[in-house]
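*Asks:* Below is a structure I'd like to ask you about.
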Amino acid sequence: MQGYAAREFAKQGVQPGELAIISKEAVAPYERPALSKAYLFPEAPARLPGFHVCVGSGGERLLPEWYTEKGIDLILNTEIVTADLASKTLTSAAGDTFKYTTLIIATGSTVLKLTDFKVEGADAKNILYLREIDDADKLAEAIKAKKNGKAVVVGGGYIGLELSAVLRLNNIDVTMVYPEPWCMPRLFTADIAAFYEAYYQKKGVTIIKGTVASGFTQNDAGEVKEVKLKDGRVLEADIVVVGVGARPLTNLFKGQVEEDKGGIKTDAFFKTSVPDVYAVGDVATFPMKLYGDIRRVEHVDHSRKSAEQAVKAIFASEQGKDIETYDYLPFFYSRSFDLSWQFYGDNVGDAVIFGDHDPSSAKPKFGSYWIKDGKVVGAFLEGGAPEENQAIAKVAKAQPPASSLEVLAKEGLEFASKI
């Protein structure tokens, strides 16, 4: 996010010494999605500088030298612990103060930890989370140390599905545990989820639904040994990976800025209620032009685009110009094993599935449309070619009328190609 903002600042002509990026991480901005995928591959894993931003969107890779060349201060290993928006001052954990003219809040989210919920034994070693590169390093070390061992993945969302796949690629025995009736319940319908669950089981992942981890036991070295489930079952585990959600990091700004829906409220230019303060990415609750409501979106695509929009807005206001309001089409995607799906739009209303969703097919390819008030408002596609993914994006944006679920099921991708 910070890297995409920096690139846009450079494009807009920022002068040397005008921009600083402050990060508590030790490395220049990188593409976070790599951490749950290529970073953990058993063969030729991705490593920095390979996935610095902006390679994730097909852009130039911004190495640390790039920031130096542009006169952008990269202030790393620096955690901001207080922010006084009235006096435009930030203070770091080390006691350094930073004054600013304009501030972009790009703090993102932090993972929810089982220790937050006082789960018994949740502080054992090798109970791991994934958010930052340090977390990925710990997981990579655990995979090496527990060769061919047993892992329990707690959570059936993005992180749970992507890490279960990568653990299997590393020949780790994997059991997924989640309380919902199916995986990725915030996005997947029961039909879509049934395909992925069956596919994962075919790849050797055991799935336990309808219960949660209620405690952990440790060995003499303090490492996790067993996962106790609420339904009474006990699972052996050398590694536990937890993906039970995240919360936006807004605490620094509590009481100083208007909030809504768990985030910092902004306009369509990511300006907050405080002059000269912008908020982007996971922390921003912004107007969704397409649907006429306000939302907070946790996804890398929005993080990149909102950062760019905020920078354009900063320069436009300095120059007294107007820019277009943010018109975002929700976009989510994931890759695991040989699978790759994309989703565009809104998953509300009635859903219909089309295509080959047999998990034992050599090359499964299927999709779903969501219909609300007689219009197609969302579209999902597994195994699509680039032009087919573009076609379903067009459908979600155009919201064409749909005569019936039956017709959509029969037409499938053909419906999208006509838009």
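*Asks:* Using only DSSP helix segments of four residues or longer, with each worth -39500 (n - 2.57), what per-residue ellipticity at 222 nm results for the chain after dividing by its residue count and rounding to 500?
*Replies:* -7000 deg cm²/dmol
*Asks:* Give the total of Lys-Lys pairs in the stretch 338-418 with Cα-Cα distances below 16 Å; include a pair only if its members are 8 or more places apart or on different chains.
*Replies:* Step by step, the pairs that qualify in the stretch 338-418 add up to 8.
*Asks:* Still on this structure, please answer the following. Quote the FRET efficiency, to the nearest 0.05, computed for residue 18 versus residue 335 with a Förster distance R0 of 45 Å and r equal to the Cβ-Cβ distance.
*Replies:* 0.75
*Asks:* Shifting gears a bit: Suppose we flag GluC sites (Glu not before Pro) only when DSSP calls them loop and at most 16 other Cβ atoms lie within 10 Å. Which is the longest uninterrupted stretch of the chain?
*Replies:* Maximal segment without exposed cleavage sites: 80-257.
*Asks:* If you filter the stretch 285-380 for trypsin sites (Lys or Arg not before Pro), then keep DSSP loop positions with at most 16 other Cβ within 10 Å, what is left?
*Replies:* Loop-located and lightly packed - 289, 321.
*Asks:* Provide, in order from the shortest bin, the percent of all Cα-Cα pairs of the stretch 114-244 in each 10 Å bin, continuing until the bin that contains the maximum pair distance.
*Replies:* Result returned by the calculation: 13, 47, 34, 6, 0.
*Asks:* Restricting to Cα pairs below 8 Å that are 6+ residues apart, what does the relative contact order work out to for the stretch 174-283? Please round to a whole percent.
*Replies:* 15
*Asks:* Could I ask something else about it? At R0 = 25 Å, how high is the FRET efficiency between residue 258 and residue 348 if r is their beta carbon distance? Nearest 0.05 is fine.
*Replies:* Using R0 = 25 Å, I get an efficiency of 0.40.
*Asks:* Relative to the present Cα-Cα distance, how much length would full extension add between residue 91 and residue 180 at 0.36 nm per residue of separation?
*Replies:* Gain on stretching residue 91 to residue 180: 27.9 nm.
*Asks:* A follow-up question, please. With the cut-off at 19 Å, tell me which of the pairs 138/305; 125/147; 144/225 have Cα atoms farther apart than that.
*Replies:* Beyond 19 Å between Cα atoms: 138/305.
*Asks:* With a 1.4 Å probe and every protein chain left in place, tell me how much accessible area residue 344 has, in Å² to the nearest 10.
*Replies:* 30
*Asks:* Also: Applying 1/(1 + (r/R0)^6) with R0 = 41 Å to the Cβ-Cβ distance of residue 406 and residue 294, what FRET efficiency is obtained, to the nearest 0.05?
*Replies:* The value I calculate is 0.75.
*Asks:* Explain nothing, just the number: relative contact order of the chain, from Cα pairs under 8 Å at least 6 residues apart, as a whole percent.
*Replies:* Answer for the chain is 13 percent.
*Asks:* Quickly work out the residue 249-to-residue 318 label distance, labels modelled 7 Å from Cα along the C-beta direction, and quote it in nm with one decimal.
*Replies:* With each label placed 7 Å out from Cα toward Cβ, I get 2.5 nm.
*Asks:* If you don't mind, another one. Protein chains only, probe 1.4 Å: how do 68, 110 rank by accessible area, largest first?
*Replies:* Highest to lowest solvent-accessible surface, that is 68, 110.
*Asks:* Post the alpha-carbon centroid distance, the stretch 132-146 to the stretch 1-51, in whole angstrom.
*Replies:* What the calculation gives is 20 Å, centre to centre.
*Asks:* Using DSSP, restrict attention to beta bridges with both residues in the chain and report what percent are antiparallel, rounded to the nearest 5.
*Replies:* Around 70 percent of the beta bridges assigned by DSSP in the chain are antiparallel ones.
*Asks:* Could you give the accessible area per residue of the chain, probe 1.4 Å, as a whole number in Å²?
*Replies:* It amounts to 46 Å² per residue over the chain.
*Asks:* Now for a different question. Report, to the nearest whole %, how much of the accessible area of the stretch 114-244 belongs to carbon and sulfur atoms, 1.4 Å probe, protein only.
*Replies:* Heavy-atom surface of the stretch 114-244 belonging to carbon and sulfur, 1.4 Å probe: 47 percent.
*Asks:* Per residue, what volume in Å³ does the convex hull of the Cα atoms of the stretch 274-413 enclose?
*Replies:* About 127 Å³ per residue, rounded to a whole number.
*Asks:* For residue 291, what accessible surface area do you get with a 1.4 Å probe? Give it in Å², rounded to 10.
*Replies:* 50
*Asks:* Still on this model: For Cα pairs less than 8 Å apart in space and 6+ apart in sequence, what is the mean separation divided by the residue count of the stretch 114-244, i.e. the relative contact order in percent?
*Replies:* Across the stretch 114-244, relative contact order equals 34 percent.
*Asks:* If you roll a 1.4 angstrom probe over the protein chains with everything in place, what fraction of the accessible area of the stretch 266-372 belongs to carbon and sulfur, to the nearest %?
*Replies:* 46
The values are calculated or read from the model by the stated rules, or taken from the named source; none is laboratory data. What you see is a predicted model; the values in this text were computed from it and never measured. All Cβ positions, even for glycine, are placed from backbone atoms using ideal geometry, and neighbour counts span all protein chains on display. SASA here: full protein model, heavy atoms, side chains in, ligands and nucleic acids out. Shrake-Rupley method; radii C 1.70, N 1.55, O 1.52, S 1.80 Å.
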